[in-house]
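Inspection log for the structure reproduced underneath, given as structure tokens.
The values are calculated or read from the model by the stated rules, or taken from the named source; none is laboratory data. What you see is a predicted model; the values in this text were computed from it and never measured. No Cβ is skipped: glycine too gets one built from the backbone with ideal geometry, and neighbour counts run over all protein chains shown. Protein only, heavy atoms only, side chains kept; ligands, DNA and RNA dropped before computing areas. Shrake-Rupley method; radii C 1.70, N 1.55, O 1.52, S 1.80 Å.
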Amino acid sequence: MSLTAVETSTPASESTLRLVGKAEDAVEDYTGSGYRFAPIEEAQVSRAMIRRYFNTMYERVVSDVVIVGAGSAGLSCAYSLASRRPDLKITIIEANVAPGGGAWLGGQLMTAMVIRKPADNFLRELGVPYEDEGNFVVVKHAALFTSTLLSRVLALPNVVLMNATAVEDLITCTDFEGQQRVAGVVTNWTLVALNHDTQSCMDPATITAPVIVTATGHDGPMGAFSAKRLVSMGFTKELGNMRGLDMNRSEPAIVNGTREVIPGLVMAGMELAEHDGANRMGPTFGGMIGSGIKAAHEVLRILDASQIKGGKVVGKVQQ
Ligand code: 48N
């Protein structure tokens, strides 16, 4: 059967590229040479991507919550928030092509992931199997945790993930009380953000939101991005600088310390270790889960206490 495309006279769009041959012509046959796909035009593929991506980008320039960083803390925050508040438009900005941050492996490139109790509660909520070792549990491969968390987050209809996209600055404003607050993020394609010294005038775009969660980690080309930006903007005097490894001290400090570090900006995960000068915990991830969930609680506290108009905080809710 010869399948050819016949373009109609009306302006081409996804549906007007009429093809000779239909979906019913598709045959899944592995016995020999019988496997056949339904026909497609190259233009249909491009239009399917362009329309969806740029409609989403257009719609999310005003979000309810922006989460910077899709590592274990940022994704735990996204899941906890979006699953409890399906009304919120949550936009995750991730600089890497591959989201997941440092949670694809355990420690020293070994694959098992250690999570200390009580963070194992989250594994049961997600349906991630693990081995119980008493005070902690072990997920057989870190990628099993991260891929399950990522798939649960992406399946939530109110979450949009923009990966390969970098936050290259924070939007700040003077709010209704006359104080400086973070009111959104400045974005660019990551490859552009990393090449400003090779080309000039590659200006960014913006996403405004009443609350930003920053969970950009402590390492990598943009690690602790917001913590460093707060210093360079003069919001904080200096970086606390992450301290040495102390699991028992670090994990509760990071979870309990997760907070709104300046109005409109909630900091979570290992970025907070750099901001506060907290210890690091090394290859145990319960602190990231707890910090992400705590950040979600902080976001809800802020939203519940604020009058919001057009994606901006314009007043306080009278208690
Ligand atoms: O996984 P990370 O780096 O950060 P967290 O805080 O989610 O988890 C940290 C955890 O993996 C550890 O470091 C463990 C527990 N080890 C501790 C230790 O003691 O060694 O994820 C941060 C994500 C990454 O995917 C980055 O690509 C992304 O944030 N990111 C950004 N995305 C957008 N714009 C930016 N400016 C930006 N900066 C970082």
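In order along the range 112-128, the Karplus-derived 3J(HN,Hα) couplings, from 6.51 cos²θ - 1.76 cosθ + 1.60 at θ = phi - 60°, round to 5, 10, 9, 9, 7, 5, x, 5, 5, 4, 5, 5, 5, 4, 7, x, 8 Hz, and Gly and Pro are given as x. The overall shape of the range 135-196, judged from the alpha-carbon gyration tensor, is prolate: a/c is not under 1.5, and a/b is greater than b/c. Averaging 1/r over each pair of different alpha-carbon atoms in the chain and inverting the result gives 21.4 Å, the Kirkwood hydrodynamic radius. For the range 172-319, the square roots a ≥ b ≥ c of the C-alpha gyration tensor eigenvalues yield an a/c of 1.5 or more together with a/b not exceeding b/c, which makes the shape oblate.
Of the Cα atoms belonging to the range 83-222, the radius of gyration and Dmax stand at 18.2, 56 Å.
Of interest is the spacing of the C-alpha centroids, which for the range 233-283 and the range 89-124 amounts to 17 Å. Phi-derived couplings, Karplus 6.51 cos²θ - 1.76 cosθ + 1.60 at θ = phi - 60°, listed residue by residue for the range 141-146: 9, 4, 5, 5, 5, 5 Hz, with x used for Gly and Pro. With both residues required to sit in the range 213-319, DSSP beta bridges show an antiparallel share near 65%. Of all beta bridges that DSSP places with both ends in the range 48-151, some 60 percent have antiparallel geometry. The Cα atoms of the range 154-251 give a gyration tensor whose axes a ≥ b ≥ c have a/c under 1.5, which makes the shape rounded.
Against the chain, whose longest principal axis comes from its Cα atoms, helix 42-59 is set at around 30 degrees.
Rounded to the nearest 5, the antiparallel percentage of DSSP beta bridges internal to the chain is 60%. Per residue, the average separation of C-alpha pairs within less than 8 Å and at least 6 apart gives the range 127-204 a relative contact order of 18 percent. Rolling a 1.4 Å probe over the protein heavy atoms leaves H141 with an accessible area of roughly 60 Å².
Couplings 3J(HN,Hα) of the range 273-286, computed from phi: 4, 6, 5, 8, x, 7, 5, 8, 10, x, x, 9, 10, x Hz, in residue order, whole Hz [Karplus 6.51 cos²θ - 1.76 cosθ + 1.60, θ = phi - 60°; x for Gly and Pro]. Taking the square roots of five times each eigenvalue of the Cα gyration tensor of the range 36-88, the equivalent ellipsoid has semi-axes of 31, 15, 11 Å, listed largest first.
Counted over all Cα-Cα pairs of the range 257-298, pairs farther apart than 14 Å make up 43 percent. Accessible surface computed residue by residue for the chain, with neighbouring protein chains in place and a 1.4 Å probe, gives 51 Å² per residue. Candidate cross-link partners of K312 among the aspartates and glutamates, defined by an alpha-carbon separation under 19 Å and a same-chain spacing of 8 or more, comprise E59, D64, D87, D169, D175, E177, E260, E298, D304. Sparse packing (at most 10 other Cβ atoms within 10 Å of the Cβ) combined with a DSSP loop state is found for the following trypsin sites (Lys or Arg not before Pro) in the range 163-263: K237.
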